[in-house]
């Protein structure tokens, strides 16, 4: 039963995620954190790891959650769940339903959805910032990551690796002082 | 045999494309040159279709490419190849993390990662908003979009409705306003 729940949750997430890994965060939070399957902190860690490991972030995060809850079979359930809507929809499109997509009504609907996603993300970001900014060192990492990504367009992979190193460095420094 | 090649090629993409779905594009470009599965202009179409359909971009691309070359089974094969490396890699990492959860170095790495992930999601949000504003033409439409966005924000903060509800609402408003 839990396997079907896992599959169904991720099927819904796959179906209502428009625009890749980060856009599925509000759905993940609602489906997983509210059920007590993971915590906000764990979700953030999964994203960080998903960013630097091979594979697509959305798939990596799904696999993480599935494996954590129900081992390898759980991971398979979440994976099949998140991939299934894509396979169904893209198959329909490829077999001649493209005219539906060129339809202006559908395009307007997508435009409308793009305005909703940022509004859904904002409360989650605020919560994440509150939780992650535990001291001055964390604030420093945040500012550096912002400059690296926004001003220099550095790849997220390098930013995650750099932030991890800085985390170790700052923690060492803190412990020496104490 | 052809399915095996399809599987193997997308397995490699999944193994070496680190990051989001967009990271798969250079690999797909490479595939289009190596095999005659799809042309570069078809690849451009694929990106457009994948971006405006639900589901992770990378998965949509693999499914679309597979279907273009060998029909529905091709789509399933390519997708399966793409996500399989994630399963292996994430299971290994999960095992490792469970073992060393209380390790001080692992803890300090995550202490550094969390602010960086929060910032990257923040930048994604800003990028998404600027895309929406660029698409919107005329001062009248821009003002309506901003008001609508503020309304969504108010609703999201005030009520803990399911994100699916907001996404459907957004699609509906998008159609209504055009």
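Observations on the model:
- Which of B:41, A:155 has the fewest Cβ neighbours within 10 Å, and the rest in rising order: B:41, A:155
- Cα centroid separation - the stretch B:104-178 against the stretch A:1-43, whole Å: 17
- For chain A, relative contact order (Cα pairs under 8 Å, six or more residues apart, normalised by length) works out to 23 percent.
- Peptides A:130-141, A:83-94, B:73-84 ranked from most to least packed give B:73-84, A:83-94, A:130-141, packing being the mean of other C-beta atoms within 10 angstrom over each peptide's residues.
- Look at B:152, B:64 and count the other Cβ atoms within 10 Å of each Cβ; fewest to most, that gives B:152, B:64.
- Scattering profile of the stretch B:70-150 at q = 0.18, 0.26 Å⁻¹ [log10 I(q)/I(0), Debye over alpha-carbon scatterers]: -0.87, -1.15
- Inter-chain Cβ neighbour average for residues A:26-38, partner chain, 10 Å: 2
- Partner shielding of B:76-89 amounts to 5, given as the average count of beta-carbon atoms from other chains within 10 Å of each residue beta-carbon.
- When the convex hull of its Cα atoms is projected in every direction, mean area for the protein assembly as shown (nm²): 18.7
- Alpha carbon convex hull of the stretch A:103-178, projected area averaged over orientations, nm²: 7.0
- Average beta carbon contacts from partner chains per residue of A:58-66, 10 Å cutoff: 6
- Note that the stretch A:70-150 shows a convex hull volume over its alpha carbon atoms of 182 Å³ per residue.
- Sorted from greatest to least, the principal axis extents spanned by the alpha carbons of chain A come out as 65, 40, 28 Å.
- In degrees, nearest ten, helix A:104-132 long axis to first principal axis of chain A (Cα): 20
- Between helix A:57-92 and chain A: long-axis angle, C-alpha atoms, 0 to 90°, nearest 10: 40
- Cα convex hull of the stretch B:136-178 - mean projected area over all directions, nm²: 3.0
- Peptides B:104-116, B:131-143 ranked from most to least packed by the mean count of surrounding Cβ atoms within 10 Å: B:104-116, B:131-143.
- Seen against the Cα atoms of chain A and their longest principal axis, helix A:136-146 is set at about 50 degrees.
- Chain B: equivalent-ellipsoid semi-axes (sqrt of 5 x gyration tensor eigenvalues, Cα, Å): 34, 28, 15
Quick note: the coordinates plus some simple rules give every number you see, no bench work behind them. It should be emphasised that the depicted structure is a prediction, and the values quoted were computed from it without experimental measurement. So basically every Cβ, Gly included, is an ideal-geometry build from the backbone, and we count neighbours across all protein chains shown.
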